[in-house]
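The values are calculated or read from the model by the stated rules, or taken from the named source; none is laboratory data. This structure is a prediction, so every number in the text was calculated from the model and none was measured. Please note: Cβ atoms are built from the backbone with ideal geometry, for glycine as well, and neighbour counts cover all protein chains shown. Accessible surface is based on the protein model in full, side chains and every heavy atom, while ligands, DNA and RNA are left aside. Shrake-Rupley method; radii C 1.70, N 1.55, O 1.52, S 1.80 Å.
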Amino acid sequence: MAVAGSAIGLANIWRFPYLVGKNGGAAFILVYIFFLALIGFPVLVAEIAIGRKTLLNPSGALRKLGGPLWSSGGKLMILTGFLVSSFYSVVAGWILGYFIEALQGNVSNFTSTIEAQNTFLSLIASPYWGLCFHFLFLLFCAAVLYLGVREGIEKGTKIMMPILFVVLILLVIKGISLDNSSDAITFLLSPDWSVLTKGAILAALGQAFFTLSLGQGTMITYGSYLSKKESIIKTCIPVILMDLVVSLLAAVAVFTIAFSVGIQPDSGPGLIFHTLPWVFSQLSGGYLIAVAFFLLVLLAAMTSEISALEPLIAYLCDEKGFSRHKAVMWAATGAFITGIPSALSYGILKNWTIDSMPILDFMDYLCSSILIPIGGLLAVAFVGWRWKVSNAIQEIKVGSLESFEKHRWLTPYFKISFQFGAPIFIILILMNALGLFG
Ligand code: PHE
């Protein structure tokens, strides 16, 4: 459940719909599913197996199985997770802010789409609003981390996830009943390959990794908390399916709703912040739906943020001898400070762009298109070539023997994916990102 809680988060509800909107609807979805099955699944299994074998943080785990050089790869993953936690918390802070606005009835009484958009733009431009909620969100996450992983995260997730599903399904039903919903469904079902650029393919891989919390030590760390009795296969497959279903439902909900009020699907990261509030304003019971929606996205974001911080915390405890409480304080404070430029990037720092991206967008791009694929490549290449596939498969079989006996293809599938499939794909895509194919 903690793994599912880590996977299901803003990437599904906030990021997936706008990426789909920007990158040609169904074409993007198909490429994304392909990456999820052929790269996401083996990398997820590889990371969990590394963690469960060593019972250590990513750096310690790779050192134990592969030596000091690999341990630096583990440190890179921890750094990536930390950077993710810093900007993720900014967007999650916006969600927290919107939840408070929703409670006050401020996001369910817009009279025009422009008003909804302007409210969003003026809120995120305000340095106090952005920083205050970035801080508060991290404070809540630190409180849960302080209490411990099993008690806080696992128990919470078991209650929050089913509710998230119910609310999403209600939103989908509402969306489908609105005008023009068939246009939205057509957009999601008919692939337009012409808008699928190289950048979009890279984004699909980045999204598959990001949504499964790969390439940044999270799953190695969570794997180290997994009992030897549990089946890694039976943990991973339901997580991937749940994650995909949540993303698809979120896309259907957001697009049917967006099309019904004439908002273009490519309106970018603000989609759930102004599209949905505008629609909530049109619906009877909009107040309650708005409160429920932002609360649930908030909870989903919390279980993910916590998992992004956990590798650094585990590292500080394992390797630097910190107490858990001290490690939590350092990690959360560091994430807050590192996230400040992102929190101000649509306000007072809006003229500071990197490669014409605001700082928040740049951090997102840097992590999900470059650092995360590199982390995923390190994990899978490590399993395929350093730790050796046979050792990894032996570890995966612990608790999963039944699945391997029933599905004979699993062994060759993992062998090929760990050694060739996943690494080659990731390398090609990274080379493409660096412009080596012209
Ligand atoms: N998987 C999370 C999401 O979909 C994001 C995340 C990334 C969480 C990395 C932890 C680590 O929102």
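When peptides 86-92, 289-295, 346-352, 216-222 are sorted by average Cβ neighbour count within 10 Å, with the highest value leading, the order is 216-222, 86-92, 289-295, 346-352.
Spacing of the modelled spin labels on ASN118 and MET357, each 7 Å from Cα toward Cβ, amounts to 3.1 nm. Largest to smallest in accessible area, the residues ARG150, ARG408 fall in the order ARG408, ARG150 (1.4 Å probe, all protein chains included). Of the accessible area of the stretch 2-433, computed with a 1.4 Å probe over protein heavy atoms only, carbon and sulfur atoms account for 68 percent.
From the cross-link list LYS158/LYS326; LYS53/LYS397; LYS229/LYS415, which pairs have alpha carbons spaced over 18 Å apart? From the list (LYS158/LYS326; LYS53/LYS397; LYS229/LYS415), the Cα-Cα distance tops 18 Å for LYS158/LYS326; LYS229/LYS415. Other residues whose C-beta falls under 13 angstrom from the C-beta of CYS141 contribute a net charge of -2, scoring Lys and Arg +1 and Asp and Glu -1. Using 0.36 nm per residue and subtracting the Cα-Cα separation, the extra length available between LEU436 and SER182 on full extension is 87.4 nm. In order along the stretch 274-289, phi translates into HN-Hα couplings of 10, 5, 5, x, 4, 6, 4, 5, 8, 9, 6, x, x, 4, 5, 4 Hz, rounded to whole numbers, per the Karplus curve 6.51 cos²θ - 1.76 cosθ + 1.60 with θ = phi - 60° and x for Gly and Pro. Relative to the longest principal axis of the Cα atoms of the chain, helix 372-381 runs at roughly 20 degrees. For the chain, the solvent-accessible area of protein heavy atoms averages 38 Å² per residue (probe radius 1.4 Å; ligands and nucleic acids excluded).
Coupling constants for the stretch 233-238 follow from the phi torsions by the Karplus curve (6.51 cos²θ - 1.76 cosθ + 1.60, θ = phi - 60°), and in residue order they are 4, 6, 7, 6, 4, x Hz; glycine and proline get x. Per 10 Å bin, what is the whole-percent P(r) computed from every C-alpha pair distance within the stretch 1-148? Spelled out per bin, shortest first, that is 9, 26, 32, 23, 9, 2, 0. Comparing ILE185, HIS407, GLY25 along the charge dipole axis of the stretch 2-433, the residue lying farthest to the positive side is HIS407, per the Cβ-charge model. Within the shell defined by Cβ-Cβ distances under 14 Å, the residues around LEU283 carry a net charge of 0, with Lys and Arg each +1 and Asp and Glu each -1. A simple rule links phi to the HN-Hα coupling: the Karplus curve 6.51 cos²θ - 1.76 cosθ + 1.60 with θ = phi - 60°, which for the stretch 297-304 gives 5, 4, 5, 4, 5, 5, 5, 7 Hz, with x for Gly and Pro. Placing unit charges on each Cβ (+1 for Lys and Arg, -1 for Asp and Glu) gives the chain a dipole about its Cα centre, and among ASN118, MET431, SER417 the Cα reaching farthest toward its positive end belongs to SER417. In a fully extended conformation the segment linking PHE420 and PHE34 would gain 137.4 nm over its present Cα-Cα distance, using 0.36 nm per residue. In loop segments of the stretch 387-416 as defined by DSSP, the chymotrypsin sites (Phe, Trp or Tyr not before Pro) with at most 15 further C-beta atoms inside 10 Å of their C-beta are TRP409. Here the chain is treated as a sphere whose radius is the Kirkwood value from Cα pairs; by Stokes-Einstein at 20 °C and 1.002 mPa s it diffuses with a coefficient of 98 µm²/s. Annotation for ASN391 and GLN104: the two label points, set 7 Å from Cα along the Cα-Cβ direction, are 5.7 nm apart. Distance between the 7 Å Cα→Cβ label points at ILE348 and GLU405: 6.6 nm. The residues packed around ILE306, meaning those with a beta-carbon under 15 Å from its beta-carbon, carry a net charge of 0 if Lys and Arg are +1 and Asp and Glu are -1. Taking every DSSP helix (H) stretch of at least 4 residues in the chain, weighting each as -39,500 (n - 2.57) and dividing the sum by the residue count yields a mean residue ellipticity at 222 nm of -23000 deg cm²/dmol.
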